[in-house]
Amino acid sequence: GQSLEQPSEVTAVEGAIVQINCTYQTSGFYGLSWYQQHDGGAPTFLSYNGLDGLEETGRFSSFLSRSDSYGYLLLQELQMKDSASYFCAVRKGGSTLGRLYFGRGTQLTVWP
Amino acid sequence: EPEVTQTPSHQVTQMGQEVILRCVPISNHLYFYWYRQILGQKVEFLVSFYNNEISEKSEIFDDQFSVERPDGSNFTLKIRSTKLEDSAMYFCASSERGTAETQYFGPGTRLLVL
């Protein structure tokens with residue numbers, strides 16, 4: 001099987017930087033995705049790491065270390081609208097390539 | 001921007017009844033997925049579909065579930081005899097290819113089984 005661990009809650013103030021960590025245990029690891037979900041809404045793709053290192057997309061960056069089975073999502077210049085749940089999701093290779101295995105999510109609350 | 005659409009947004013049904021959840025994936029996408037999310041829990045994979053057949057299904061996707069692409073645009077999930085524990089948000093997703101980094105999720109159908 002596979003397991004993903006991420007903090008259940010994180011809080012921060014507007015303008016701050018926050019890092020959401022994700023550690024995983026799985027065989028056949030292919031890549032790590034990050035999705036954002038506002039209350040009751042659809043998961044929205046944020047970032048993907050197939051290789052080690054940092055991927056930057058505007059205010060959001062994601063990092064992966066395959067050797068440490070670890071990744072993180074970095075959110076900069078936080079805004080109130082960033083309050084949401086953030087999920088890391090593992091992609092495995094082979095016949096399961098399209099399938100996403102989600103973590104339990106981190107609820108981010110941004111305070112004014 | 002193209003988006004995945006789902007109908008209905010909410011469905012209430014009696015235990016034992018059949019429900020069909022409908023999705024219209026993004027038009028040039030070839031891979032389709034159903035996920036579900038029980039309230040307060042993580043998103044769970046149900047099934048993937050490509051070239052008019054199931055590519056993979058999870059242990060949740062038992063004989064009570066089926067998927068179909070009845071025409072060139074719709075993708076449906078049928079639950080034959082609903083159980084209380086089927087109450088969840090059901091998300092449809094699509095991607096251009098199986099290796100695509102991004103899966104695009106629809107807004108979901110909230111299913112409540114009484």
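The values are calculated or read from the model by the stated rules, or taken from the named source; none is laboratory data. Please read these numbers as outputs of a predicted model, since none were measured by experiment. Ideal geometry is used to build each Cβ from the backbone, glycine not excepted, and the neighbour counts take in all protein chains shown.
If I go through the stretch B:8-65 residue by residue, how many of them are under 12 Å from the mean Cα position of the chain (by Cα), assigned to a loop (DSSP other than H, G, I, E, B), touching a residue at least 40 places away in the same chain (Cβ under 8 Å) and within 12 Å of another protein chain (Cβ to nearest Cβ)? So the answer is 0. Among the residues of the stretch A:58-74, those that are surrounded by 12 or more Cβ atoms within 10 Å (Cβ to Cβ) and not hydrophobic (A, V, I, L, M, F, W, C) comprise A:Arg59, A:Ser61, A:Ser62, A:Ser65, A:Arg66, A:Ser69, A:Tyr70, A:Gly71, A:Tyr72.
Going through the stretch B:70-114 one residue at a time, which ones are within 13 Å of chain A (Cβ to nearest Cβ) and in a strand (DSSP E or B)?
Matches in the stretch B:70-114: B:Ala88, B:Met89, B:Tyr90, B:Phe91, B:Cys92, B:Ala93, B:Ser94, B:Ser95, B:Tyr104, B:Phe105, B:Thr109, B:Arg110.
Listed residues A:Tyr72, A:Tyr101, A:Tyr48; which is at pLDDT 95 or above and aromatic (Phe, Trp, Tyr)? Answer to the check: A:Tyr72. Restricting B:Val4, B:Val47, B:Val24, B:Val19 to those that are among the β-branched types (Val, Ile, Thr) and either in contact with a Leu (Cβ under 6 Å, 6 or more places away or on another chain) or crowded, with 21+ Cβ neighbours inside 10 Å (or both) reduces the list to B:Val4.
Any residue that is more than 14 Å from chain B (Cβ to nearest Cβ), farther than 25 Å from B:Phe32 by Cβ and surrounded by fewer than 18 Cβ atoms within 10 Å (Cβ to Cβ) - is there at least one of those in the stretch A:90-107? Looking through the stretch A:90-107, none of the residues is more than 14 Å from chain B (Cβ to nearest Cβ), farther than 25 Å from B:Phe32 by Cβ and surrounded by fewer than 18 Cβ atoms within 10 Å (Cβ to Cβ). When the residues of the stretch A:32-50 are filtered to those that are outside any strand (DSSP E or B) and not small (Gly, Ala, Ser), the one that is nearest to the other protein chains (Cβ to nearest Cβ) is A:Pro43. Kindly check whether there is at least one residue in the stretch A:13-31 that is within 11 Å of chain B (Cβ to nearest Cβ) and either surrounded by fewer than 18 Cβ atoms within 10 Å (Cβ to Cβ) or not charged (D, E, K, R) (or both). Within the stretch A:13-31 (the criterion being within 11 Å of chain B (Cβ to nearest Cβ) and either surrounded by fewer than 18 Cβ atoms within 10 Å (Cβ to Cβ) or not charged (D, E, K, R) (or both)), the answer is yes, since at least one residue qualifies.
Taken together, B:Gly98, B:Gly108 contain a single residue that is surrounded by 13 or more Cβ atoms within 10 Å (Cβ to Cβ), in contact (Cβ under 8 Å) with a residue 24 or more places away in the chain and more than 13 Å from the chain's Cα centre (by Cα), which is B:Gly98. Can you tell me which of A:Leu46, A:Leu4 is in contact with a Lys or Arg (Cβ under 8 Å, 6 or more places away or on another chain) and surrounded by 13 or more Cβ atoms within 10 Å (Cβ to Cβ)? Just one listed residue meets the conditions, A:Leu4.
Residue by residue, here is whether (1) under 30 Å from B:Ser55 (Cα atoms); (2) modelled with pLDDT of 95 or more holds:
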position: A:Glu5; (1), (2): yes, yes
position: A:Ile20; (1), (2): no, yes
position: A:Ser61; (1), (2): no, yes
position: A:Arg91; (1), (2): yes, no
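Filtering the stretch A:60-75 to residues that are touching a helix residue (DSSP H, G or I) at 6+ places or on another chain (Cβ under 8 Å) and outside any strand (DSSP E or B) leaves nothing.
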